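Written out below as structure tokens is the structure these notes cover.
The values are calculated or read from the model by the stated rules, or taken from the named source; none is laboratory data. Quantities reported herein were computed from a predicted structural model and do not represent experimental measurements. No Cβ is skipped: glycine too gets one built from the backbone with ideal geometry, and neighbour counts run over all protein chains shown. Heavy atoms of the whole protein, side chains included, go into the accessibility calculation; ligands, DNA and RNA do not. Shrake-Rupley method; radii C 1.70, N 1.55, O 1.52, S 1.80 Å.
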Amino acid sequence: MQENIIIAAKQASAQISLSWQQQLSLAIRDPITLCQRLGLSDRWVSGARTGHQLFEICVPEAYLARIAPNTPDDPLLRQVLPLEKEALTPLGYVLDPLEEAEHRPAKGLIHKYAGRVLLIASPNCAINCRYCFRRHFPYSDNSPSRAQWQEALDYLRADPTIHEAILSGGDPLAASDRQLAWLVEQLESIPHLKRLRIHTRLPVVIPDRIDDALLGWLGSTRLQKVMVLHINHTNEIDQAVIDACTRLKQTGATLLNQSVLLRGVNDDVATLATLSERLFEAGILPYYLHVLDPVQGAAHFDVPDNEARELVAQLQDRLPGFLMPRLVREIPGKASKTTL
């Protein structure tokens, strides 16, 4: 077991000089390898295999290096380790919990809320979070080529009430900078668009993604820039993440964070308070604390609404208002997020 830990440290160190694309290509995609690298006992292997068959794992070395070895309840490991529980199908847990299939007027485009639309800029992620509400999303049907993007872009051009384009996925920053620069250029040409919002986990899981090429197209756009990161625990924020956020802020981007309230990860007041403080130190403002979307395979992460409200009430006693994330649930058919 000690030998596995030493090997893991050497492999993580060796990846420092690799490009973000190389780091992504070398991410761990085998559940047995993940267990071995972290020194987990054999009793975790069967469940990891089962969960992996339902939703494949993907864990980059830069993220793996922040997980404590031989610690099954590590809050970062819990987010990426497949479990046998994922095969359970409790009532109410479904494949499309937000009913996104009902709001796709064009390939790669989701339009649920007034004034803004969401574009599936990439079908890929740099890390596969086990609670992901899109773990069953039909990406093969929503990955437009440049020619196919024209239908979505024409949809935006035809509706002057749309002021904000949201790049999502997958993870939009898993796309190449060439593709993203082209897409943003197309969006810039639509006069009534004012804002570009990017929802991403890549600056957290592979901080080297924030390179000169990305900063170039992001910094030059006329659109107001908002980048919404996804960080659930303070252990995810190391110096490399802070440095990446500093570079992003230099482009004029506003950095926000949304977390998901997860059983065994961040479901206590001290953890949530520390996270908000650490986020602000990194130049990121807490934004949303989502309760779990009831996606099939993730029920073991659920924190009941009454418990979530109590946690937030206690959190308010510890934090100033500007560090308080809003506790919300997304309810299909509603005109906005629902505050709990």
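How large is log10 of I(q)/I(0) for the chain at q = 0.07, 0.08 Å⁻¹ when the intensity is taken from the Debye formula with one equal scatterer per alpha-carbon? Rounded to two decimals, the profile gives -0.28, -0.37.
For the stretch 60-143, with all protein chains in place and a probe radius of 1.4 Å, 53% of the accessible heavy-atom surface sits on carbon or sulfur.
Of all the options Glu281, Glu100, Glu185, the one that moves most in a Gaussian network model of the chain with Cα springs shorter than 10 angstrom is Glu281.
Over the residues of the chain, the helix contribution to mean residue ellipticity at 222 nm works out to -9500 deg cm²/dmol, using -39500 (n - 2.57) for each DSSP H run of at least 4.
By the Stokes-Einstein formula, at 1.567 mPa s and 4 °C, the stretch 161-252 with its Kirkwood radius over alpha-carbon pairs has D equal to 95 µm²/s.
Here's the picture: charge each Lys and Arg Cβ at +1 and each Asp and Glu Cβ at -1 in the chain, and of Leu77, Asn266, Ile242 the one pushed furthest to the positive end of that dipole is Ile242.
Exposure check, 1.4 Å probe, all protein chains in place: His103 carries approximately 60 Å² of accessible surface. For a paramagnetic label modelled on Asp238 (point 7 Å from Cα along Cα→Cβ), amide N atoms under 19 Å away belong, within the stretch 202-221, to 202-211.
Using a probe of 1.4 angstrom and keeping all protein chains present, the accessible surface of the stretch 222-333 works out to 39 square angstrom per residue. The residue among Thr50, Ala165, Gln22 whose Cα reaches farthest toward the positive pole of the charge dipole of the chain, with charges on the beta-carbon of Lys, Arg, Asp and Glu, is Ala165. For the pair Arg195 and Leu88 in one chain, pulling the backbone fully straight at 0.36 nm per residue adds 34.5 nm over the alpha carbon distance. When its C-alpha radius of gyration is set against 2.2 N^0.38 Å (N residues), the stretch 66-162 gives a value of 1.40. Ranked from largest to smallest solvent-accessible area, with a 1.4 Å probe on the protein heavy atoms, Phe133, Phe322 come out as Phe322, Phe133.
For a bin width of 10 Å, list the pair-distance distribution of the stretch 223-321 built from all Cα-Cα distances, rounded to whole %. Calculated over all Cα pairs of the stretch 223-321, the distribution is 15, 45, 30, 11, 0 percent.
Only four residue types carry charge here, +1 at the Cβ of Lys and Arg and -1 at the Cβ of Asp and Glu. Report the dipole size of the chain about the Cα centre in Debye, rounded to the nearest 20.
Numbers: 35 positive and 39 negative charges, 120 e Å.
Here the chain has a charge dipole of around 580 debye.
For the chain, lysine pairs with C-alpha atoms less than 16 angstrom apart, excluding pairs fewer than eight positions apart on the same chain, total 4. Across the protein chains, with a 1.4 Å probe defining accessible surface, the residues Trp20, Trp44 rank Trp44, Trp20 from largest area downward. Across the stretch 122-228, C-alpha contacts under 8 Å between residues 6 or more apart give a mean separation that, scaled by the residue count, equals a relative contact order of 32 percent. Were the residues from Arg43 through Ala313 laid out at 0.36 nm apart, the gain over their Cα-Cα distance would be 93.4 nm. Stretching Asp30 away from Thr271 to a fully extended chain increases their span by 83.8 nm, per 0.36 nm per residue minus the current alpha-carbon distance.
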